[in-house]
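Engineer: Quick one: the structure is below, and I'll ask about it shortly.
The values are calculated or read from the model by the stated rules, or taken from the named source; none is laboratory data. Remember, it's a predicted structure, so these values are computed and weren't measured experimentally. When we count neighbours, we look across all protein chains shown, and the Cβ atoms used for this are built from the backbone with ideal geometry, even at glycine.
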Amino acid sequence: MNVKIICYLEVISSWCYWAEPAGGGTEKTLRRPRGIQLKDRADAGGSVSRLQNAGRMVLPPERHDYALAVHAERRLVRAGRAIYDAPNLVAEAAKDFGVTDDRVRLALAHAAEREGNKVGQWEVAGAVAAKAAKLNKTKLLARAQSDDVAARVKKSTAEFYALQVTQRPAFLIENAIGDRAVFSGIVRVEPLAAALDALLADQAAYDSYQAHFGGPPAR
């Protein structure tokens, strides 16, 4: 039995960060929501997506500093530039060094949201990530600035927008028989746990039927 869970997020989005205890962590809450043991039944993965103009707020200069303070969004910047590539690409690049859990992403988010570090800068993002995952900063940054990593983030961003939702974190949950649930901006774990249980139960029923009566006739 297999259930695919993908979380689409933006590393220094304040909403993704503050939603972390409820559902943003693929390891802590997507695999084990409310204590439900899904480790042997579900595969969970995180996908970094890049913020585009859609769903972005552009503020006049006089409101910019205030908005940064109260909204904690590092995406709101002067001159209408609203994309910080460094933290997203660094987090994605860490996967190529075997770091497939949430350590790097959470370290970057914490550094930005809690400590006010300028992780939008390559050197800062690289230092935070390298320390969190015990990686070589120079090699990590080189990988983060590669075309391969940029292409992966671009692809996951396109997948996110193909879901036709606007809020991150967004969760795609799908079982092997094609049942699918999509959540956008959810910050409570209960809907995710309910969807996981429903998809697992449906697939279990199909698997049981096939074991007793065989699969559908060949076309």
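Engineer: Considering only the range 174-191, state which residues are among the polar types (S, T, N, Q) and either closer than 13 Å to CYS7 by Cα or surrounded by fewer than 19 Cβ atoms within 10 Å (Cβ to Cβ) (or both).
Structural biologist: SER184
Engineer: A further question on this structure: Does ALA133 qualify as being modelled with pLDDT of 95 or more and not charged (D, E, K, R)?
Structural biologist: Working: modelled with pLDDT of 95 or more: yes; not charged (D, E, K, R): yes.
In short, yes.
Engineer: From GLN167, GLN145, which residue is closer than 23 Å to ILE12 by Cβ, touching a strand residue (DSSP E or B) at 6+ places or on another chain (Cβ under 7 Å) and surrounded by fewer than 19 Cβ atoms within 10 Å (Cβ to Cβ)?
Structural biologist: Unique residue meeting the criteria: GLN167.
Engineer: It is to be established whether one or more residues within the range 75-93 are buried (at least 20 other Cβ atoms within 10 Å of the Cβ) and at pLDDT below 85.
Structural biologist: yes
Engineer: When the range 92-113 is examined, which residues are found to be touching a helix residue (DSSP H, G or I) at 6+ places or on another chain (Cβ under 6 Å) and outside any helix (DSSP H, G or I)?
Structural biologist: So in the range 92-113, the residues touching a helix residue (DSSP H, G or I) at 6+ places or on another chain (Cβ under 6 Å) come out as 92-94, 96, 99, 101-105, 107-109, 111, 113.
Listed by number, the residues that qualify are VAL99, ASP101, ASP102.
Engineer: Being among the charged types (D, E, K, R) and either surrounded by 20 or more Cβ atoms within 10 Å (Cβ to Cβ) or not in a helix (DSSP H, G or I) (or both) is the filter here; which residues of the range 114-136 pass it?
Structural biologist: Within the range 114-136, ARG114, GLU115, LYS118, LYS134 meet the criteria.
Engineer: Does ALA193 fit the bill of being over 22 Å from ALA91 (Cα atoms) and not polar (S, T, N, Q)? Quick ask: steps written out before the conclusion?
Structural biologist: On the way: over 22 Å from ALA91 (Cα atoms): yes; not polar (S, T, N, Q): yes.
When the stated conditions are applied, ALA193 passes them.
Engineer: If we scan the range 192-201, do we find a residue that is without any contact (Cβ under 8 Å) to a residue 40 or more places away in the chain, in contact with a strand residue (DSSP E or B) (Cβ under 9 Å, 6 or more places away or on another chain), under 30 Å from VAL99 (Cβ atoms) and loosely packed, with under 15 Cβ neighbours inside 10 Å?
Structural biologist: No, the conditions are met nowhere in the range 192-201.
Engineer: Further question: Against the definition (surrounded by fewer than 18 Cβ atoms within 10 Å (Cβ to Cβ) and of a type in the set (Val, Ile, Thr)), how does THR157 come out, yes or no?
Structural biologist: no
Engineer: I need the full set of residues from the range 95-106 which are of a type outside the set (D, E, K, R), over 16 Å from SER14 (Cβ atoms) and either within 14 Å of the chain's Cα centre (by Cα) or modelled with pLDDT under 85 (or both), in order please. Outline the logic, then answer.
Structural biologist: Our first condition is that a residue be of a type outside the set (D, E, K, R); within the range 95-106, this holds for 97-100, 104, 106.
With the extra rule that they be over 16 Å from SER14 (Cβ atoms), the set shrinks to 97-100, 104.
Scanning the range 95-106 gives THR100, VAL104.
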